[in-house]
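Only one structure is covered here, and it is reproduced in the block below.
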Amino acid sequence: MAKIVAGIGCSHVPAIGAALDNGKTGEPYWQRVFSGFEPSKKWMAETKPDVAIVVYNDHASAFSTDLIPTFALGCATEFPPADEGWGPRPVPVAKGDPDLAVHIAQSVILDEFDLTIVNKMEIDHGLTVPLNLMCGKLNPDQEWPFKIIPLAINVVMYPPPTGHRCYSLGKAIRKAVESYPEDLKVVIFGTGGMSHQISGPRAGLINSKFDKAFLDNLTKDPAKLVKIPHLEYVREAGAEAIELVMWLIMRGALADKVDEVYRFYTVPASNTAVGHIILENHKRATAGNKTRTRRAAARATDTVRRSQ
Amino acid sequence: MAREPHDYDDIPGTFVFDAERCRQGYPINSFCMSLMKDANRKAFRADEAGYIKQFHMTQEQEQAILKRDYNRMLELGGNIYFTAKLGATDGHSFQHLAALMTGSTQQDYATMMLAGGRPVEGNRSKSGKDKPARARAKSPARKRT
């Protein structure tokens, strides 16, 4: 049986990809961001998933305003990186898992989630930046260490799906994965956010208090997050912070009780608050102590840059 | 037809790209999308006003593009991920666009971001409802108990 073992929340700031591609990771500004993902890369290497479902949004790369699917599941055998105006990012082509993707599609559609099926799609920084942060820099002739099923969500045109709808879709995905006969270890990414607004006179908005409460409640009280109305995301955390509904698909796909094993938060990466969390399905017995220690260590890495 | 009123219209400095703006701005965003091809970028640079004619925009939309009035483009249905492609065609960084939209210099904008970004306090509401959402949500609940 296939099983979703962990969820990863991760911002997907394009400038992070550019810093990586242009060899700027050693600069103090970027070191602050990348150093926060060192424990995550270690965790990823130890976890060794077979497949990652990556919930992300396209940024006018694969989808123009000709066609705006709310939930689009990538069922192709591979997904090449898109040319976002500077040539395709020098990253590996993402290899899909069409069998599992199609199984998920059939299962969740019968669970009343009307997915769009995508058999040909290029993927942009929304998907490749979180992969880089979790796996490190890989060249086009290398391979990502797991298969990738992209799930593209419309969060560009308002209204995106509600937090509740996203959370419920996550639960349907969990059910679908668990009914797949092959023994596969699956992780799910929720990407985008955290607080940021990149458009209009209010651009540059950051709300660390909102972000930290969001990170806390992913473990403590996801039901509260599910009720956040769109207006509150936009008003409190910026027009583009509404991407955070994608994290709720990730959360819905996990067990009701989860353990936070790592967290990182820093402001800014270009216009955005970078947030990151790793959640594992709750383990009983002695795992608790270990988790608390790791969580405390993770907290210590929280940084908000207040001055140059 | 005039835009329908929305709860988010009260948020200052924000043009929410909703389904109405998406419909209205289809020509702007289609134009921006066309700039993904180098041949189109060249044609646009050679004759800006002539090139954009093929997208059948309103005069206001054409003017906003020709004047590089990024806020006006958003107001008329442009979306930032699309209009950023126009900025890139002009050879500008995103920070340049952010400075234009916020009416600041690039340096001031960068300094604000390094200092933790634009605070939400004072930036929630045009009509003075500038309290955190949670505080607002609490008061009716108290009345019920």
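A few notes on this one:
- Listing A:25, A:77 from fewest to most neighbouring C-beta atoms within 10 Å gives A:77, A:25.
- Measuring between their Cα centroids, the range A:50-90 and the range A:1-34 lie 17 Å from each other.
- Backbone amide hydrogens, once placed in the peptide plane, bring residue A:149 within less than 5 Å of A:52, A:53, A:54, excluding anything fewer than 5 places away on its chain.
- Count Lys and Arg as plus one, Asp and Glu as minus one, and take only other residues whose Cβ is under 14 Å from that of residue B:37; the net charge is then +1.
- Charge tally in the Cβ shell below 13 Å around residue A:19, where Lys, Arg are +1 and Asp, Glu are -1, residue A:19 excluded: +2
- Couplings 3J(HN,Hα) of the range B:26-40, computed from phi: 3, x, 4, 6, 5, 4, 4, 4, 5, 6, 5, 9, 4, 4, 5 Hz, in residue order, whole Hz [Karplus 6.51 cos²θ - 1.76 cosθ + 1.60, θ = phi - 60°; x for Gly and Pro].
- Scaled against the 2.2 N^0.38 Å expected of a compact globular protein of N residues, the Cα radius of gyration of the range A:1-149 reads 1.07.
- In Hz, Karplus ³J(HN,Hα) per residue of the range B:62-72 (6.51, -1.76, 1.60; θ = phi - 60°; x = Gly, Pro): 4, 4, 4, 5, 5, 8, 6, 8, 5, 5, 5
- Each Lys or Arg adds one and each Asp or Glu takes one away; over the other residues whose Cβ falls under 14 Å from the Cβ of residue A:150, this sums to -2.
- Computed over the alpha carbons of the range A:1-71, Rg followed by Dmax gives 15.8, 45 Å.
- Loop GluC sites (Glu not before Pro), the range A:74-122 (other Cβ atoms within 10 Å of the site Cβ: 11 or fewer; DSSP): A:112
- For the range A:174-265, the set of trypsin sites (Lys or Arg not before Pro) satisfying both a DSSP loop assignment and a count of at most 14 other C-beta atoms within 10 Å is given as A:227, A:257.
- Ellipticity estimate at 222 nm from DSSP helix runs (n ≥ 4, -39,500 (n - 2.57)) divided over chain B, nearest 500: -15500 deg cm²/dmol
- Distance between the C-alpha centres of the range A:198-240 and the range A:120-173: 20 Å, rounded to the whole angstrom.
- Loop-located chymotrypsin sites (Phe, Trp or Tyr not before Pro) in the range A:206-288 whose Cβ has at most 15 other Cβ within 10 Å (DSSP): none
- Rel. contact order, % - alpha carbon contacts under 8 angstrom, at least six apart, chain A: 28 percent
- Around the amide H of residue A:78, modelled in the peptide plane, lie the amide H atoms of A:96, all under 5 Å away and 5 or more residues distant in sequence or on another chain.
- Once backbone amide H atoms are built at 1.01 Å from N, residue B:118 has A:205, A:206 as its partners under 5 Å, excluding neighbours fewer than 5 places away on the same chain.
- Sequence of B:60, A:280 once ranked by neighbouring C-beta atoms within 10 Å, starting from the fewest: B:60, A:280
- Across all directions, the shadow cast by the convex hull of the protein assembly as shown built on its C-alpha atoms averages 22.9 square nanometres.
- Average silhouette area of chain B, convex hull of alpha-carbon atoms, in square nanometres: 11.5 nm²
- Cα-based shape type of the range A:227-290, given that a ≥ b ≥ c are square roots of the gyration tensor eigenvalues and the cut on a/c is 1.5: oblate
- Karplus (6.51, -1.76, 1.60) ³J(HN,Hα), θ = phi - 60°, over the range A:180-188, in Hz, Gly and Pro reported as x: 8, x, 5, 6, 10, 9, 10, 10, 10
- Relative contact order (percent, whole number), chain B, Cα cutoff 8 Å, 6+ residue spacing: 26 percent
- Cα gyration tensor shape for the range A:61-219, rounded if a/c is under 1.5, else prolate or oblate: rounded
- Each helix, a run of at least 4 DSSP H residues, gives -39500 (n - 2.57); summed and divided by the residues of chain A, these come to -11000 deg cm²/dmol at 222 nm.
All of the numbers you see were taken from the coordinates with simple rules; none came from a lab. Owing to the predicted nature of the structure, the values given are computational and were not obtained by experimental measurement. Because the Cβ atoms are built from the backbone with ideal geometry, glycine has one as well, and the counts that use them run over all protein chains shown.
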